[in-house]
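Working notes, beginning with the structure itself.
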Amino acid sequence: MADIVVKDLIKVYKTGKSEVIALRGLDCSMKGNTIQAIMGPSGCGKTTLLNIIGGLDRPTAGSVRIGDENVVDFTDDELVRHRRETVGIVFQFFNLVPTLTARENIELPMRLAKRDSKEMKARTDELLSLVGMQDRAKHKPDALSGGEQQRIGLATALANDPPILLADEPTGELDSETGHQILMLFRKLRDEFGKTVIIVTHDQRIGQIADSVMMIVDGRITEEMSGKEFHDRNLDSTRSRSSPS
Ligand SMILES: Nc1ncnc2c1ncn2[C@@H]1O[C@H](COP(=O)(O)OP(=O)(O)OP(=O)(O)O)[C@@H](O)[C@H]1O
Ligand SMILES: [Mg+2]
């Protein structure tokens, strides 16, 4: 599984005469087959970083190497292939097509990749069962709960079996228990399917499953620790908050 190495990434958004510097020379390196959590205050550049790794946006400068390829050098056609085959993206608001059933949503990326229909059906069944949604395949998104929609969102992101999964606050709209189930699915994807998972999240429980937790402040990584360290640190702060003063 290829590592992801980000070097000196800069992103400047220009709107009219004003400029926003979203990333200010961000460096990080993420090992393959791990879960990497990204945390940080609103506006620090988390979504910008994911979008660049996912080929949804281009940086102003810097490089994003996945194995021996640099995503930043990709042509538009190569970026399309990157989005279709190398990365799967899970969004906070599920991003399902409202007029399609759960099954049809999962099939959509495979149709775009022109997959054979028999193979597509088998893969969709496999994904529905992976996320525990076999009984809900014929429902449209508005007939599904938030957690169910997110499970279909996850299955859709996995349709073409990408090695890398990018998730932008995937549990942000879910209650605590449902969010936990989604996190457990990410763990399974790493442990049983060898995926590399990059999760932007505010959920403190991420320490229980992440191999590494990175903090971004103002467009740069300011701190990185193991998931265990992050978890222990949270336990300590919870204890000191609840201990009598
Ligand atoms: N398309 C855009 N045009 C102009 N500025 C943008 C654009 N997208 C993001 N920005 C700005 O870039 C900065 C980083 O935005 P980004 O969406 O990456 O933050 P974030 O860390 O994901 O925040 P949040 O936690 O609120 O989702 C912010 O100041 C934001 O206003
Ligand atoms: Mg964001």
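Scanning segment 93-117 for residues that are of a type in the set (S, T, N, Q) and assigned to a loop (DSSP other than H, G, I, E, B) returns 95, 99, 101. Checking 189, 158, 166 one by one, the residue that is of a type in the set (A, V, I, L, M), within 16 Å of ligand 1 (Cβ to nearest atom) and modelled with pLDDT of 95 or more is 166 and no other.
Within segment 36-48, if we keep just the residues that are crowded, with 16+ Cβ neighbours inside 10 Å and within 21 Å of residue 14 (Cβ to Cβ), the residue that is farthest from the chain's Cα centre (by Cα) turns out to be 44. Taking the criterion of being in a helix (DSSP H, G or I) and among the charged types (D, E, K, R), the residues of segment 118-152 that qualify are 118, 119, 121, 123, 125, 126, 135, 136, 142, 148, 151. If you go through segment 208-243 and keep only what is free of Cβ contacts under 8 Å to residues at least 60 places away in the same chain, within 14 Å of residue 34 (Cα to Cα) and not aliphatic (A, V, I, L, M), you end up with 208, 226, 228.
The rows are residues; the columns are (1) more than 19 Å from the chain's Cα centre (by Cα); (2) of a type in the set (Val, Ile, Thr); (3) surrounded by 14 or more Cβ atoms within 10 Å (Cβ to Cβ).
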residue	(1), (2), (3)
6	no, yes, yes
15	yes, yes, no
19	yes, no, no
92	no, no, yes
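Note on segment 31-48: among residues that are among the aliphatic types (A, V, I, L, M) and touching a Ser or Thr at 6+ places or on another chain (Cβ under 7 Å), the one that is nearest to ligand 2 (Cβ to nearest atom) is 39.
Within segment 155-197, the residues that satisfy the criterion of being touching a residue at least 40 places away in the same chain (Cβ under 8 Å), within 16 Å of ligand 2 (Cβ to nearest atom) and crowded, with 23+ Cβ neighbours inside 10 Å are 166, 167, 170.
Consider segment 49-77 and keep the residues that are in a helix (DSSP H, G or I) and exposed (fewer than 13 other Cβ atoms within 10 Å of the Cβ). The one that is farthest from ligand 2 (Cβ to nearest atom) is 77. A single entry from 35, 66, 53 fulfils the requirement of being under 26 Å from residue 188 (Cβ atoms) and in contact with a helix residue (DSSP H, G or I) (Cβ under 6 Å, 6 or more places away or on another chain): 35.
The strands (runs of 3 or more DSSP E) found wholly in segment 170-231 and carrying at least 3 residues that are among the aliphatic types (A, V, I, L, M) occupy 196-200, 212-217. If the condition is being touching a Lys or Arg at 6+ places or on another chain (Cβ under 7 Å) and more than 16 Å from ligand 2 (Cβ to nearest atom), then segment 5-28 contributes 5, 10, 24, 25, 27. Return yes or no: is residue 60 of a type in the set (Ser, Thr, Tyr), modelled with pLDDT of 95 or more and either within 30 Å of residue 228 (Cα to Cα) or within 21 Å of the chain's Cα centre (by Cα) (or both)? When the stated conditions are applied, residue 60 does not pass them. Apart from one condition, residue 14 fits all of (1) under 22 Å from residue 218 (Cα atoms); (2) touching a Gly at 6+ places or on another chain (Cβ under 9 Å); the exception is (2).
The values are calculated or read from the model by the stated rules, or taken from the named source; none is laboratory data. These figures come from a predicted structure and were not determined experimentally. For neighbour counting, all protein chains shown are included, and Cβ atoms are generated from backbone atoms with ideal geometry for every residue, glycine included.
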